[in-house]
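One structure below.
The values are calculated or read from the model by the stated rules, or taken from the named source; none is laboratory data. In this text, all values refer to a predicted model and were calculated from it rather than measured experimentally. All Cβ positions, glycine included, derive from the backbone under ideal geometry; neighbour counts span all protein chains shown. Side chains included, ligands, DNA and RNA excluded: accessible areas come from the protein's heavy atoms. Shrake-Rupley method; radii C 1.70, N 1.55, O 1.52, S 1.80 Å.
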Amino acid sequence: MLRALFADLSLGRTPDIGTYFVDPLDFIRWWDPTLPSGAVISFEAGDGSGTATLDTLQSHLDALHHRGVNGTVTEFTPIGYDVVSSQEAGGGFTFGLRARATARGALRDGGGEGMIDCRTGRLKSLVIDEW
């Protein structure tokens, strides 16, 4: 799932939230170095009672697409089933990344960590420490 997400971005396609990420209420976080320190993207309240969206994440992915983000997953290490809290449980992993944050930027080595929902195989959390 992670490789496919970065392949879409690298091929100039805007990733679709529903393809790569869990339902909004199950989503935990996204952070990357283009966001201010401490500013984490999570789900937000939707229009109806008890609804949630990932509109901010979709807008951020759109912005990354327009910036020309390009990356390839170079390493993927599963760390097994991880339980941080009742909501934050799933298949944890770390990854290496060779990427650039803008179309004209230099390729750099980076990486991060994330979590996959074991039922759906979609991303619950993704933190990119550096690219």
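Which one of T56, T14 is touching a residue at least 12 places away in the same chain (Cβ under 8 Å), part of a loop (DSSP other than H, G, I, E, B) and polar (S, T, N, Q)?
Numbers: T56 fails: part of a loop (DSSP other than H, G, I, E, B).
Matching residue, one of T56, T14: T14.
Scan segment 87-109 residue by residue and report those that are open to solvent by 20 Å² or more (accessible area, probe 1.4 Å), in a strand (DSSP E or B) and either touching a Ser or Thr at 6+ places or on another chain (Cβ under 8 Å) or in contact (Cβ under 8 Å) with a residue 60 or more places away in the chain (or both).
Of everything in segment 87-109, those that are open to solvent by 20 Å² or more (accessible area, probe 1.4 Å), in a strand (DSSP E or B) and either touching a Ser or Thr at 6+ places or on another chain (Cβ under 8 Å) or in contact (Cβ under 8 Å) with a residue 60 or more places away in the chain (or both) turn out to be T94, R98, D109.
Filter segment 70-93 for residues that are modelled with pLDDT of 90 or more and among the hydrophobic types (A, V, I, L, M, F, W, C) and give the result.
Selection gives V73, F76, I79, F93.
Pull up segment 17-34, narrow it to residues that are part of a helix (DSSP H, G or I) and open to solvent by less than 30 Å² (accessible area, probe 1.4 Å), then point me to the one that is nearest to S59 (Cα to Cα). Even if it seems obvious, please write down each step before you answer.
Kept after step one, since they are part of a helix (DSSP H, G or I), are these residues of segment 17-34: 17-20, 24-26.
With open to solvent by less than 30 Å² (accessible area, probe 1.4 Å) added as a condition, the list becomes 17, 20.
Values: I17: 10, Y20: 15 Å.
Of everything passing the filter in segment 17-34, I17 is nearest to S59 (Cα to Cα).
So D129 clears everything in (1) open to solvent by 80 Å² or more (accessible area, probe 1.4 Å); (2) free of Cβ contacts under 8 Å to residues at least 40 places away in the same chain except one condition, right? Which one?
(2)
Can you give me the number of residues within segment 52-71 that are open to solvent by 60 Å² or more (accessible area, probe 1.4 Å) and over 15 Å from R13 (Cβ atoms)?
Residues of segment 52-71 open to solvent by 60 Å² or more (accessible area, probe 1.4 Å): 55-56, 59, 66-67.
With the extra rule that they be over 15 Å from R13 (Cβ atoms), the set shrinks to 55-56, 59.
Here the count works out to 3.
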